[in-house]
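Read through the structure below, which is laid out as structure tokens, and then see the notes.
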């Protein structure tokens, strides 16, 4: 049995990328799939993709200036999307400070460095929350999002990244801010 499983794994690994391997499975279902009732792209979103791209760059700029001389670091870029009937959602991966990494030239992090990084990150959580609150307010007032429905939401979510050696006590894994389209009633979730 182990040998058969091993051969199956090897066959899948060696198969060309475009090839498909048929693996016997349960008989096909007698329930037919329902055909789509609309064509792809038949509904135009009320927020243009170009507008979201400009807002993504603005959010990245705001995050990278948070902390002044000791700024937050955007890992990758902010991604935004508009969901019809819900609103605009922007997400980003952020390191609260430029954390040192273990590598070829630095093989260990001293306890003093770890404590200093932790202290700096704790201070940056409050700064990032303030920046995110300003971002949500600015997004609500943005001409790019004026076409959104009055019941739509604006959500900005930041996932905070940590190195394996870091002390994460007291630090959230993500911060999510949500507001209604008018920019009022901003709710914050730290998880």
Quiz item: Tell me, in nm to one decimal, what length is gained between residue 105 and residue 174 on full extension, where the rule is 0.36 nm per residue of separation less the Cα-Cα distance?
Solution: 21.8 nm
Practice problem: Residues in segment 93-132, backbone N under 14 Å from the label point at residue 64 (7 Å along the Cα-to-beta-carbon vector): list them, ranges by number please. | Solution: 93-95, 98
Quiz item: So how much slack lies between residue 182 and residue 49, counting 0.36 nm per residue of separation and subtracting their Cα-Cα distance, in nm?
Solution: 45.8 nm
Quiz item: Which percent, to the nearest 5, of DSSP beta bridges fully inside segment 49-190 are antiparallel?
Solution: 70 percent
Quiz item: Which value, to two decimals, describes the C-alpha radius of gyration of segment 49-190 once divided by 2.2 N^0.38 Å?
Solution: 1.14
Quiz prompt | Potential lengthening between residue 120 and residue 149 on full extension [0.36 nm per residue; Cα-Cα distance subtracted] | solution = 6.5 nm
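No value in this document is a laboratory result; all are computed from the given coordinates. What you see is a predicted model, and the numbers here were worked out from it, not measured in a lab. Every residue, glycine as well, gets a Cβ built from its backbone with ideal geometry; the counts of neighbours run over all protein chains shown.
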